[in-house]
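Worksheet: one structure, shown below.
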Amino acid sequence: MSPNQLCCHRPEVYLALAAFLFAAGVFGLVRRRTLIGMLIAGELIFSAASLNFLTFNRFFVEDPTVGQLMALFIMALAAAEVAIALSIIIAVYRNYRSINAKAVSELSG
Amino acid sequence: MKPFPAADLLVLGVFAVAVLLTVAGALIAVLSTRLIRSVCGLALTCFGLALLYYFLHSPFLALMEILIYVGAICVTIIFAVMLAEPDEAPAQESRGAAFLWGGLALVVSGAVFWALVQLGWGHAWAAPTSRANAGTVHDLGVALLTTYSLAFELISLVLLAAILGALVIAHHGRSKS
């Protein structure tokens, strides 16, 4: 078996895995009832994006630093997003005594 | 040089472990009812992804994945889980409605998955004819300080703004209560 036939050298496997992560993230984002659960699902979507970037970076790009730097930037943005989102969640919990997404609906009338 | 015996099988085994970790972690993160378990699922997914990044010739990114996602993000989320309500409240909706909306979400995410897999699998991707560099940490550093220096500085500004914003929001909530 030549090394190029192994499934870890085929880009489709990584792309399918990234698609699975993205789909799981979308499912969690729709079905989760707490804000932290939705945040975790959003992190899965971020991971899917960086896995996709690195797959294309490994197989189809002439300059292999581009995708790695993009994945690094995605990680930094995810960290910033988590910091902000968690502080908002803590503030919401202080005011509403709940992190349930349904509880924060005063404006819906 | 004689190759290591059954090297292909070993590589396949490690790859299978990485895929399994990623998939199982994502399922745990999305499906478990207790929040602390879904955070652990996210950490599992990140370990699997770090292994996959090794397979994708990005060892620096694998290290960063473990350092940032498992070491920083998961720990921060665990702190928030401990500060706030630990568990999801039992569903307010009726059994039929839960079944309907869960089925709908499953169908939508399944369709997204199927469509993306079709896109990725059916396409004849063109491999590059040449490589500009090897993509090592040295190349990454050079690119970060030459081509992408503006993006690098902007990211640091974003992180600074995020830290300040988190401090302000958390402090405001405390003074109010």
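The values are calculated or read from the model by the stated rules, or taken from the named source; none is laboratory data. Remember, predicted model here, so these are calculated numbers, not experimental data. Positions of Cβ are backbone-derived with ideal geometry, glycine not excepted, and every protein chain shown enters the neighbour counts. Areas reflect the complete protein model, heavy atoms only, side chains present, ligands, DNA and RNA absent. Shrake-Rupley method; radii C 1.70, N 1.55, O 1.52, S 1.80 Å.
For region B:22-48, a residue qualifies if it is within 9 Å of chain A (Cβ to nearest Cβ), out of contact with any strand residue (DSSP E or B) (no Cβ under 8 Å at 6 or more places or on another chain), touching a residue at least 24 places away in the same chain (Cβ under 8 Å) and within 23 Å of B:A84 (Cα to Cα), and the qualifying residues are B:V39, B:L42. Among the listed residues B:W101, B:W125, identify the single one that is part of a helix (DSSP H, G or I), open to solvent by 90 Å² or more (accessible area, probe 1.4 Å) and not small (G, A, S). Sole residue among the options that is part of a helix (DSSP H, G or I), open to solvent by 90 Å² or more (accessible area, probe 1.4 Å) and not small (G, A, S): B:W101. Out of curiosity, is B:A16 farther than 24 Å from B:A84 by Cα, assigned by TED's automatic domain parsing to the domain that holds B:L67 and assigned to a helix (DSSP H, G or I)? Spelling it out, B:A16 is indeed farther than 24 Å from B:A84 by Cα, assigned by TED's automatic domain parsing to the domain that holds B:L67 and assigned to a helix (DSSP H, G or I). Among the residues of region B:63-79, those that are more than 10 Å from every other protein chain (Cβ to nearest Cβ) and without any contact (Cβ under 8 Å) to a residue 24 or more places away in the chain comprise B:L63, B:I66, B:G71, B:V75. Can you name the condition, by its number, that B:G102 falls short on among (1) more than 7 Å from chain A (Cβ to nearest Cβ); (2) more than 29 Å from A:C8 (Cβ to Cβ)? So the condition that B:G102 fails would be (1). Of all residues in region B:108-153, those satisfying the criterion of being at pLDDT 90 or above and among the aromatic types (F, W, Y) are B:F113, B:W114, B:Y148, B:F152. The criterion of being without any contact (Cβ under 8 Å) to a residue 12 or more places away in the chain, open to solvent by 100 Å² or more (accessible area, probe 1.4 Å) and either part of a loop (DSSP other than H, G, I, E, B) or within 30 Å of A:Y93 (Cα to Cα) (or both) holds for B:H172. Selection of region B:138-152 for residues being assigned to a loop (DSSP other than H, G, I, E, B) and more than 7 Å from every other protein chain (Cβ to nearest Cβ) yields B:T146, B:T147.
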